[in-house]
There are 2 protein chains.
Amino acid sequence: MDIVIIGSGNAAAVLGRKFIAAGHDIIQIYSRNAAAATELAYEWNSESTNYKSTINKNADVYLIAVTDDALEDVTDQLKLPGKVIAHTAASVPKEILKNVSEHYGVFYPLQSLRKDMTTLPDVPIFFDGNDAKTKNMLEQLAHSISAGQVVEAGDDARLKLHVAAVVISNFVNHLYSLAEDYCRKEGLNFKQLLPLIEETAGRLKNTSPKQAQTGPAIRHDSETIQKHLELLKAHPQLKNIYVLLTESIQQAT
Amino acid sequence: MDIVIIGSGNAAAVLGRKFIAAGHDIIQIYSRNAAAATELAYEWNSESTNYKSTINKNADVYLIAVTDDALEDVTDQLKLPGKVIAHTAASVPKEILKNVSEHYGVFYPLQSLRKDMTTLPDVPIFFDGNDAKTKNMLEQLAHSISAGQVVEAGDDARLKLHVAAVVISNFVNHLYSLAEDYCRKEGLNFKQLLPLIEETAGRLKNTSPKQAQTGPAIRHDSETIQKHLELLKAHPQLKNIYVLLTESIQQAT
């Protein structure tokens with residue numbers, strides 16, 4: 001397919017690379033950030049523009065990969081009649097695009113995408129469209145870059161998925177971050193925890209997390225918990241979370 | 001080395017397999033659970049016993065891999081003079097072994113070990129000993145099964161490490177578990193989150209979690225947070241944690 005990408009951030013860069021790897025042409029990148037757009041255009045042997053009025057009208061699909069906040073600005077005055085257009089935001093209804101084209105939808109990558117990734121990760125795609133043409137084209141595009149994980153998901157389902165993604169990615173990363181902080185302050189080497197972090201995540205392929213729960217909280221090992229709370233007096237933010245998550249684990253059993 | 005393993009649970013089984021793979025001999029397994037001990041003895045072409053009095057006195061190292069609670073029971077009346085003896089518990093001082101032998105220490109694997117693992121994970125080992133002979137032997141044993149991650153760590157350092165391990169493994173797993181629960185109740189497929197879970201854990205090799213923090217909380221995107229809290233009304237336990245971790249992320253910035 002011939003694709004125009006609108007946006008030049010993390011999602012734009014990684015999805016663009018996946019499109020190129022799948023044999024599509026990115027015929028143009030539009031972004032208000034001219035430097036970032038130029039760089040991606042160079043990488044993809046494409047063109048870039050930072051004028052909305054010069055957006056190429058000959059693509060099959062227009063993908064708007066910008067932050068939620070920027071969506072309204074970017075779509076304002078944008079008219080692409082007859083074209084299939086989609087945004088990549090989990091929590092924004094597809095109707096935000098209804099004045100841009102009569103074929104509008106969503107192409108939501110459930111993955112943490114960063115421009116500086118050296119390898120392209122698996123990216124499950126949740127697509128939606130207001131009509132069959134849009135759905136078909138976005139589904140086809142999704143299958144071309146995602147090995148198996150392509151699911152139709154309306155606005156409600158995407159919003160629900162996003163909550164789960166926040167929990168298993170943003171919140172989990174915050175726990176990693178607090179642990180890193182704690183290790184630095186206590187003279188420990190956070191990197192020594194990486195094998196355990198990987199095992200805890202990796203075993204989910206074969207094991208339900210409920211079955212895999214171990215540790216002092218689920219054992220109701222109050223002696224160890226008390227020792228830990230004593231140590232955490234110097235780390236009030238982590239201590240607060242230790243108490244709440246210990247209670248929550250004990251409540252869940 | 002000739003090794004006697006005391007215990008027949010998850011840590012005993014996985015460490016034992018690592019010892020065998022490294023060319024050591026496990027000359028005996030002692031456990032109160034005769035069936036489990038027999039099974040491991042069969043796997044390792046070893047012997048098993050469930051009588052403390054018949055523990056083989058000819059090994060180089062005795063490794064006590066039992067739960068914290070069972071340690072006192074197991075070591076009661078146990079006498080192995082002149083032998084190197086170590087337990088595998090993070091949070092228990094090495095002195096619990098001082099009446100068993102004059103050479104006592106700790107051999108703490110910082111990893112989640114399960115008997116049913118099909119591949120043996122990387123296992124950083126934190127060792128300690130009351131004298132040079134014990135330390136040397138345990139360090140040598142550790143290097144034989146652990147690629148690079150072998151660190152001397154006294155009782156205090158191990159206790160501190162254990163707190164970090166609880167945070168990045170037990171607490172993280174609890175978040176996975178709550179998300180799985182939420183997905184089931186909302187008709188979503190938890191497995192579709194696995195690529196994001198893996199990426200969030202895997203990127204720590206190259207990226208500090210502090211740099212990698214994304215999501216509505218750190219963006220102070222209160223519109224999205226409100227939508228999520230609305231959805232979480234039906235999931236009070238998860239909602240509680242959503243609120244606390246969102247606050248904690250915003251506090252950390």
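Tabulated results
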| item | result |
| --- | --- |
| Which numbered condition residue B:78 misses (of (1) aliphatic (A, V, I, L, M); (2) modelled with pLDDT of 95 or more; (3) within 21 Å of residue B:47 (Cβ to Cβ)) | (2) |
| Single condition residue A:147 does not satisfy, out of (1) crowded, with 19+ Cβ neighbours inside 10 Å; (2) under 13 Å from residue B:195 (Cβ atoms); (3) among the aliphatic types (A, V, I, L, M) | (1) |
| From the options A:136, A:130, residue that is surrounded by 15 or more Cβ atoms within 10 Å (Cβ to Cβ), in the same structural domain as residue A:20 (by TED's automatic domain parsing), over 18 Å from the mean Cα position of the chain (by Cα) and not aliphatic (A, V, I, L, M) | A:130 |
| Count - residues of the stretch B:7-27 that are buried (at least 24 other Cβ atoms within 10 Å of the Cβ) and in a strand (DSSP E or B) | 1 |
| Residue that is nearest to the chain's Cα centre (by Cα), among those in the stretch A:172-218 that are within 24 Å of residue B:154 (Cβ to Cβ) and surrounded by fewer than 16 Cβ atoms within 10 Å (Cβ to Cβ) | A:191 |
| Test: residue B:251 is more than 7 Å from chain A (Cβ to nearest Cβ), surrounded by fewer than 20 Cβ atoms within 10 Å (Cβ to Cβ) and at negative phi | no |
| All helices (runs of 4 or more DSSP H) inside the stretch A:120-228 with 2 or more residues being at the interface with chain B (Cβ under 7 Å from one of its Cβ atoms) | A:155-165, A:172-186, A:194-202, A:209-212 |
| Close pairs (9 angstrom Cβ cut-off, 6 or more residues apart or separate chains): under 17 Å from residue A:176 (Cβ atoms) in the stretch A:226-253, at pLDDT below 95 and exposed (fewer than 15 other Cβ atoms within 10 Å of the Cβ) anywhere | A:237/B:251 |
| Index of the failed condition, residue A:115 passing every other in (1) basic (Lys, Arg); (2) over 25 Å from residue A:24 (Cβ atoms); (3) assigned by TED's automatic domain parsing to the domain that holds residue A:75 | (2) |
| In the stretch B:30-59, the residues that are outside any helix (DSSP H, G or I), more than 10 Å from residue B:6 (Cβ to Cβ) and aliphatic (A, V, I, L, M) | B:59 |
| Tally of residues being surrounded by fewer than 19 Cβ atoms within 10 Å (Cβ to Cβ), free of Cβ contacts under 8 Å to residues at least 40 places away in the same chain and within 26 Å of residue A:170 (Cβ to Cβ) across the stretch A:97-120 | 3 |
| Criterion: under 24 Å from residue A:207 (Cβ atoms) and in a loop (DSSP other than H, G, I, E, B) - qualifying residue of B:112, B:101 | B:112 |
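The values are calculated or read from the model by the stated rules, or taken from the named source; none is laboratory data. The model shown is predicted, which means the values in this text are computed figures rather than measured ones. Cβ sites come from the backbone with ideal geometry, for glycine too, and all protein chains shown count toward neighbours.
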